[in-house]
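What follows is a short report on a single structure.
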Amino acid sequence: MVTMNDLPIRYILPSNATKLLKPNDFVIEISEGSPTQSTGRIVQITEEIINRFIGNVICSNFCHGVRILNKKYISYFLRMWNMFYDNKVFFNYEGKTSGLKNFQFDTFVENKWYMPPEDIVKKYDLTVNKIKTKIDKNESENLKLTAMRDRLLPLLMNGQVSVK
């Protein structure tokens, strides 16, 4: 599973403010990959992720931002995308124009897609969102605990603080 920790920090030009990612947007890797790992890895942007990075998250090089217009299909889209990735389908949509493998996103999304009825998608979405919220909160808590450990451990090691 892809996580959103240790991301590079970059200045965002005011002209790129319209490209800021919002909760439920997706970031898809469109370049790089390897002979055994295709392009197309995906991560869903959540409120927790945006808060973790002080409200400004944007796609940079080698990535493509995607926004699903019908919010009911967000979890379904992510599950289907990951299924395609796990089954190595994206290898069939890679071009090598500049020595780097590039995911042919437009060609891939032109395919015909099965869309389940909204009532089924809604039930699936409710279940999945509870799990995703818990994962995001745990990741944020892990980052805080790691920072605390990194501050306290040297103090414990050199005797500046002690535990009773």
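The values are calculated or read from the model by the stated rules, or taken from the named source; none is laboratory data. Everything numeric here is computed off the predicted structure, so don't read it as measured data. Neighbour counts are summed over all protein chains in view; Cβ atoms, including those assigned to glycine, are modelled from backbone coordinates with ideal geometry.
For residues that are more than 12 Å from the chain's Cα centre (by Cα) and in a loop (DSSP other than H, G, I, E, B), scanning just segment 29-47, find the one that is surrounded by the most Cβ atoms within 10 Å (Cβ to Cβ).
THR39
Looking only at segment 11-24, filter to residues that are surrounded by 10 or more Cβ atoms within 10 Å (Cβ to Cβ) and out of contact with any Cys (no Cβ under 9 Å at 6 or more places or on another chain); which one of those is modelled with the lowest pLDDT?
This residue is ILE12.
Which residue, of LYS132, LYS71, LYS88, LYS101, is more than 19 Å from the chain's Cα centre (by Cα) and basic (Lys, Arg)?
Selected residue: LYS101, the only one of LYS132, LYS71, LYS88, LYS101 that is more than 19 Å from the chain's Cα centre (by Cα) and basic (Lys, Arg).
Anything in segment 32-64 that is under 30 Å from GLU118 (Cβ atoms) and touching a strand residue (DSSP E or B) at 6+ places or on another chain (Cβ under 6 Å)? List them, or say none. So that I can check it myself, show each step before the final result.
Initial filter on segment 32-64 (under 30 Å from GLU118 (Cβ atoms)): 40-51, 57, 59, 63-64.
Those that are under 30 Å from GLU118 (Cβ atoms) and touching a strand residue (DSSP E or B) at 6+ places or on another chain (Cβ under 6 Å): GLY40, ARG41, ILE42, VAL43, GLN44, CYS59, CYS63, HIS64.
So which of PHE53, PHE62, PHE84 is farther than 28 Å from SER15 by Cβ and not small (Gly, Ala, Ser)?
Residue meeting the stated conditions: PHE84.
Which number in (1) more than 30 Å from ASN138 (Cβ to Cβ); (2) surrounded by fewer than 18 Cβ atoms within 10 Å (Cβ to Cβ); (3) touching a strand residue (DSSP E or B) at 6+ places or on another chain (Cβ under 9 Å); (4) free of Cβ contacts under 8 Å to residues at least 60 places away in the same chain marks the one condition that PHE105 misses?
(4)
Yes/no per residue for (1) surrounded by 14 or more Cβ atoms within 10 Å (Cβ to Cβ); (2) on the phi > 0 side of the Ramachandran plot; (3) in contact with a helix residue (DSSP H, G or I) (Cβ under 6 Å, 6 or more places away or on another chain):
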residue: GLY99; (1), (2), (3): no, yes, no
residue: LYS112; (1), (2), (3): no, no, no
residue: MET115; (1), (2), (3): no, no, no
residue: LYS132; (1), (2), (3): yes, no, no
residue: GLU141; (1), (2), (3): no, no, no
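Can you pull out the residues in segment 117-154 that are of a type in the set (Ser, Thr, Tyr) and either in contact (Cβ under 8 Å) with a residue 12 or more places away in the chain or closer than 27 Å to ASN70 by Cβ (or both)?
Answer for segment 117-154, where residues must be of a type in the set (Ser, Thr, Tyr) and either in contact (Cβ under 8 Å) with a residue 12 or more places away in the chain or closer than 27 Å to ASN70 by Cβ (or both): TYR124, THR127, THR133, SER140.
Mind checking which residues of segment 72-114 are closer than 28 Å to LEU126 by Cβ and of a type in the set (A, V, I, L, M)?
Hits for segment 72-114 are ILE74, LEU78, MET80, MET83, VAL89, VAL109.
If I ask for residues that are of a type in the set (Asp, Glu), modelled with pLDDT of 90 or more and within 25 Å of the chain's Cα centre (by Cα), which ones from segment 135-157 would you list?
GLU141 - this is the single residue of segment 135-157 that is of a type in the set (Asp, Glu), modelled with pLDDT of 90 or more and within 25 Å of the chain's Cα centre (by Cα).
Of the residues ILE58, ILE50, ILE54, only one is among the hydrophobic types (A, V, I, L, M, F, W, C), free of Cβ contacts under 8 Å to residues at least 40 places away in the same chain, surrounded by fewer than 19 Cβ atoms within 10 Å (Cβ to Cβ) and more than 23 Å from ASN129 (Cβ to Cβ); which?
Within the list ILE58, ILE50, ILE54, the selection yields ILE54.
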